[in-house]
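Everything on this sheet refers to the single structure shown next.
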Amino acid sequence: MPPADHEGVSLYVHVPVCARACPYCDFDFVVDRRPDVAALLAAYGREVADRGLVGLRPRTVYVGGGTPSALGPDGLAALLSALGAWFDLGGVEERTVEVNPEHADDRLFEALARGGADRVSLGVQSFQDPVLALLGRAHTGAQARRAVVRAKSAGLRTSVDLIVGVPGAPARATCADLRAVTDLGPDHVSVYALTIEPDVPWQALVRRGRRRLPDPDAQADDLARAHARLERAGYEHYEVASYARPGARSIHNLGYWSWRDYVGIGPSAASARHEGGGVVRRSNARGLSAYLAGAAPAVERLGPEAAAREAMWLGLRRLDGFDRAALARRFGQPIAFVDGVLTPLLASGLVVRAGPRARLTPGRWLFHDAAGRAILDPGDAEPVGGG
Amino acid sequence: MPDSDPKLPVEQARTRSFCIIAHIDHGKSTLADRLMEATGLLGERDKRDQYLDRMDLERERGITIKAQSVSMPYAARDGTIYRLNLIDTPGHVDFSYEVSRSLAACEGALLVVDATQGVEAQTVANVYLALEANLEIIPVINKIDLPSADPDRVREEIEEVLGIDALEAIEVSAKTGQGVDALLEAVVDRIPPPSGDRDAPLRALIVDSWWDAYRGVISQVRVMQGALRPGQTVRFFATGRTYEVQQVGVFAPEAVPLSELAAGDVGFLVCGVKALADSKVGDTIVLADDTGAEPLPGFVDIQPMVFAGVFPTDSKDYPALRDALEKLSLNDASLRFEPETSEALGFGFRLGFLGLLHMEIVQERLEREYDLDLITTAPSVEYRVTTNDGTVVAVDNPAKMPELGSYTKIEEPIITARIQLPEGYLGPILELCEKRRGVQKDLRYLTAQRVQLVYELPLAEVVFGFYDQLKSLSRGYASMDYEAAGYRAADLVRVDLLVNGEKVDALSMITHRDTAFYRGRDLCSKMKELVPRQQFEVAIQAAIGRRVIARTTVKALRKDVTAKCYGGDISRKRKLIEKQKKGKRRLKAVGNVEIPQSAFHAVLKLDGT
């Protein structure tokens, strides 16, 4: 019998380098065309040793960024073998590496396969050159198509990231992207509406009249379109932003929405440990230089109630929702607490009960934040610094 | 206590009491400073700019609100020492009654006109008040140091517009001090000394009063006859209350206690009055046992003309708002407040003001001095409504206007507005007055370029941004003063704002039937900008009774979702959602629609057309 969703530990490794900066991105990265792989690996190794993580037996491994493929085939091979040396990877069910299309050549995929990776997440974003130009991406639509084909022929499971609702994109660009995806047939698709955070360079471009801010109605159209087309093509819409062929859901990502413990290595990476009904979350310092200098992580402790609320909010990102009794058990709460929090959502029709589970009402997944506002209680979470 | 200030003479013949009449910014306060300096009252060391304006706020606005007077010893060229009583007057239309009471304490007035600007409407209004009070008016042409000064033109204007002989106008520069000596000589020569029998029964006029944290109420008085002395028992006519005189004296500029204030003197009185409202400007003080006494003429118990609801943004601040209002009213007898409850805004107060400036000042002081975050509803006036059974009720809150069909008549307050402007702006200003339902009473050329308009206007039309429009249409050159001119019946209706069918009481407005449609439409479109999109469509309607006259729709929100949420995002995104939730708590729920505070200012933002 396979383990339950919340069992096991997910391992995440953050590779904080990119060959160039994308104007919409707020992830933690530095722009470096020739990253110092040895220094980075040494820093990871220090963190693993300091935190006593040697020998950890994760259920999934995910190498993300940044741009892991910017490390090159040799760099990635070295990283994967280092992970094998530090951790016990015998029970790993899924091993994913993020790859940018401009790096996706046969040599890279061979290196990944040799290093034990079985899945690649391709940072396609779009197959349309004008959209890629708006997004400031380094690859072309043709490169993106080739990347999917090559990954598949290298025997890797594939996931494609798409960004929709890009203001200024040609008419029907999203339709064309969705057609390209269904033609190429990756195992998994993630669809994100372009989000512009307050402090990203896109804002400066807006001020200079070179970009516009996204139109939420156009984004709603695109997201609804993606849902319809991908489901029609045989993908299951299993999380707000995630679609998978049957059996191809991301085990790693499901862990985040199923209250699994996770361990994050590298700058800005987060770890969460469930203990005594609550959650202790550790977030490494942002910025490669701060990380290399050994800056202290931020630690947040959620008591059982706050952790349960957070878990309900996260659990509802899965379109099949969560098992109310399982959640109550995991956070040491009576089921009445869970049902009490859900009451206004059930009353407003945003959430329904389906047997033991609670889930967003079909067709209402575009209102997950509204559910979050109903569930979360700003008074509960008290961040604790240091440690 | 000194028997008297040795520097100040006590004889009536050597006393001169006068005030300064000027338009805002024409230099009244600076001139007062110069006079105090020239008489040695204000040394270089303790010189503060514009000593008479006590409060920062006044300094910022360039307006003197609290009348404040000083007594100055002046050694004239003839070798005689005089006591000059300078009586400060408030300088805005909202305070014309207080101006008239200040004038009643004087024998003369310095009419200060800016040599670069000429005569303004407000100056005209105050000159009329001074003439009514039979004051000797000395025209003073100020700012002659400026390159653009044109004293000859201004002299002509004073003669043409005001009908005052300006041949002997004194040219001064309050800034440099030029001409101030000549002005002081003119004060002594031309302004008559006070009269009044010092042995007659006491009659003292209250010119101003204010609250002092240590002494209680301090009254500024002009003794018209008889004398005020510590130990006397006096009676305030309007309230009938009696007090024992504790102290009398003058400001020079700090308080100097004296053994008496006799007929012709101007000074302060401390007698244990507890509430400012008990020492009303214009009231008469007599000896308690003088039972047959008649009051001095001219007393009016002034009533507020403009009303607005004031609500704390955070309902927890209600007690703090109440305390602040109580403290403010200690020093502002014309401020009225009473509790008000709004379905939309919760608990607050309905405030009554003398006028728009007064309202702005109070609002600003509440926010600045008491650090309160407030929602102020659109200003309203007090209507007289005759209900079906013939009773007349006063309604100062649009939300409380009786339903259509339950009344036979609504009357609204009318003002007479005197507007002066360069003739080049006449067209747009006439249009503005007509649009605001004005009735033209007079239009005349004061000079070849200067026009004076007299209009009767509904006060309600004036409180809706009229003054701002007047200023913007004339690039700031038009000036206006107004006085109450009774009530008049009008075809008025209450326009309600409905959000998804629910009436928002704080946004109801009273308007003329002819403009109801436009105002309703404007209000709906303003609200559309201010009401955030919700998960469902929100209908915003303006209605008269049950009849909808305008409608807009806030489209339903179609997407309310975070794009991605993985391990590294969870903490930050959760906090973002929690922050949104906190923000939502500050929204006011009307039915199931959440409305931000800013929407309650929507009525204020209508341009009134």
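For region B:66-121, which strands (runs of 3 or more DSSP E) that fit wholly inside it have 2 or more residues that are open to solvent by less than 10 Å² (accessible area, probe 1.4 Å), at pLDDT 90 or above and of a type in the set (Val, Ile, Thr)?
Numbers: elements: B:69-75, B:81-87, B:108-114.
Correct list: B:108-114.
Screening the candidates B:129, B:162, B:146 for the property of being open to solvent by 20 Å² or more (accessible area, probe 1.4 Å) and at pLDDT below 90 yields one hit, B:129.
Tally up the residues in region B:149-159 that are without any contact (Cβ under 8 Å) to a residue 60 or more places away in the chain and open to solvent by less than 20 Å² (accessible area, probe 1.4 Å), please.
Within region B:149-159, the first condition is being without any contact (Cβ under 8 Å) to a residue 60 or more places away in the chain, and the residues that meet it are B:149-155, B:158-159.
Restricting the remaining residues to those that are open to solvent by less than 20 Å² (accessible area, probe 1.4 Å) gives B:154, B:158.
Counting residues in region B:149-159 that are without any contact (Cβ under 8 Å) to a residue 60 or more places away in the chain and open to solvent by less than 20 Å² (accessible area, probe 1.4 Å) gives 2.
Taken together, the residues in region B:309-355 that are touching a residue at least 24 places away in the same chain (Cβ under 8 Å), farther than 24 Å from residue B:508 by Cα and under 20 Å from the mean Cα position of the chain (by Cα) amount to 10.
Whether any residue in region A:42-51 is within 14 Å of chain B (Cβ to nearest Cβ) and of a type outside the set (Phe, Trp, Tyr) is what I want to check.
Of the residues in region A:42-51, the ones within 14 Å of chain B (Cβ to nearest Cβ) are none.
No, region A:42-51 has no match at all.
Please find, among A:306, A:326, A:347, the residue that is part of a helix (DSSP H, G or I) and away from chain B (no Cβ under 13 Å). Give the steps one after another, and end with the answer.
Working: A:306 fails: away from chain B (no Cβ under 13 Å); A:347 fails: away from chain B (no Cβ under 13 Å).
Answer to the selection: A:326.
For the subset of region A:26-48 comprising residues that are among the aliphatic types (A, V, I, L, M) and surrounded by 17 or more Cβ atoms within 10 Å (Cβ to Cβ), which member is nearest to residue A:81 (Cα to Cα)?
Looking at the filtered set, the residue picked out is A:41.
Would you confirm whether or not region A:248-258 contains a residue that is within 14 Å of chain B (Cβ to nearest Cβ), in contact with a Gly (Cβ under 6 Å, 6 or more places away or on another chain), part of a loop (DSSP other than H, G, I, E, B) and not β-branched (Val, Ile, Thr)? No - not one qualifying residue is present in region A:248-258. The set of residues in region B:302-320 that are modelled with pLDDT of 90 or more and surrounded by fewer than 21 Cβ atoms within 10 Å (Cβ to Cβ) comprises B:317, B:318, B:319, B:320.
When the residues of region A:15-68 are filtered to those that are aromatic (Phe, Trp, Tyr) and modelled with pLDDT of 90 or more, which remaining residue is nearest to residue A:97 (Cα to Cα)? Before you say what the answer is, go through the steps one by one.
Step one: of region A:15-68, the residues aromatic (Phe, Trp, Tyr) are A:24, A:27, A:29, A:44, A:62.
Checking the rest, the ones that are also modelled with pLDDT of 90 or more come to A:44, A:62.
Details: A:44: 16, A:62: 6 Å.
Ranking the candidates gives A:62 first.
Taking residue A:298, is it within 11 Å of chain B (Cβ to nearest Cβ) and closer than 14 Å to residue A:48 by Cα?
Values: within 11 Å of chain B (Cβ to nearest Cβ): yes; closer than 14 Å to residue A:48 by Cα: no.
Criteria not met by residue A:298.
Can you pull out every residue in region A:332-345 that is among the hydrophobic types (A, V, I, L, M, F, W, C) and open to solvent by less than 60 Å² (accessible area, probe 1.4 Å)? Break it down into steps so the answer makes sense when it comes.
Start the filter on region A:332-345 by keeping residues that are among the hydrophobic types (A, V, I, L, M, F, W, C), which leaves A:335-338, A:341-342, A:345.
Residues satisfying the conditions are A:337, A:338, A:341, A:342, A:345.
Being away from chain A (no Cβ under 14 Å), over 30 Å from residue B:453 (Cα atoms) and open to solvent by less than 40 Å² (accessible area, probe 1.4 Å) is true for just one of B:525, B:571, B:479, B:508. Which residue is that? Working first, answer last.
Details: B:525 fails: open to solvent by less than 40 Å² (accessible area, probe 1.4 Å); B:571 fails: away from chain A (no Cβ under 14 Å); B:479 fails: over 30 Å from residue B:453 (Cα atoms).
None of the others qualify; the one that does is B:508.
Consider region B:574-603 and keep the residues that are surrounded by 15 or more Cβ atoms within 10 Å (Cβ to Cβ), within 9 Å of chain A (Cβ to nearest Cβ) and of a type in the set (Lys, Arg). The one that is nearest to residue B:541 (Cα to Cα) is B:581.
Condition test on residue A:339, is it modelled with pLDDT of 95 or more, under 22 Å from the mean Cα position of the chain (by Cα) and of a type in the set (D, E, K, R)? Step through it out loud before you land on a result.
Working: modelled with pLDDT of 95 or more: yes; under 22 Å from the mean Cα position of the chain (by Cα): no; of a type in the set (D, E, K, R): yes.
Considered against the rule, which asks whether it is modelled with pLDDT of 95 or more, under 22 Å from the mean Cα position of the chain (by Cα) and of a type in the set (D, E, K, R), residue A:339 comes out as no.
Taken over region B:165-205, the criterion of being open to solvent by 50 Å² or more (accessible area, probe 1.4 Å), part of a loop (DSSP other than H, G, I, E, B), closer than 23 Å to residue B:132 by Cα and touching a residue at least 60 places away in the same chain (Cβ under 8 Å) is satisfied by B:192, B:193, B:195, B:197.
Filtering region B:243-301 down to residues that are outside any loop (DSSP other than H, G, I, E, B) and among the acidic types (Asp, Glu), which residue is surrounded by the fewest Cβ atoms within 10 Å (Cβ to Cβ)? Ranking the qualifying residues of region B:243-301, first place goes to B:244.
For region A:221-234, check the following and say yes or no: at least one residue is in contact with a Ser or Thr (Cβ under 8 Å, 6 or more places away or on another chain) and in a strand (DSSP E or B). No, region A:221-234 has no match at all.
The values are calculated or read from the model by the stated rules, or taken from the named source; none is laboratory data. Not measured: the values here are computed from a predicted model. Cβ coordinates were reconstructed from backbone atoms using ideal geometry, including for glycine residues, and neighbour counts include every protein chain displayed. Note: accessible area is taken over every heavy atom of the protein model, side chains too, but ligands, DNA and RNA are not part of it. Shrake-Rupley method; radii C 1.70, N 1.55, O 1.52, S 1.80 Å.
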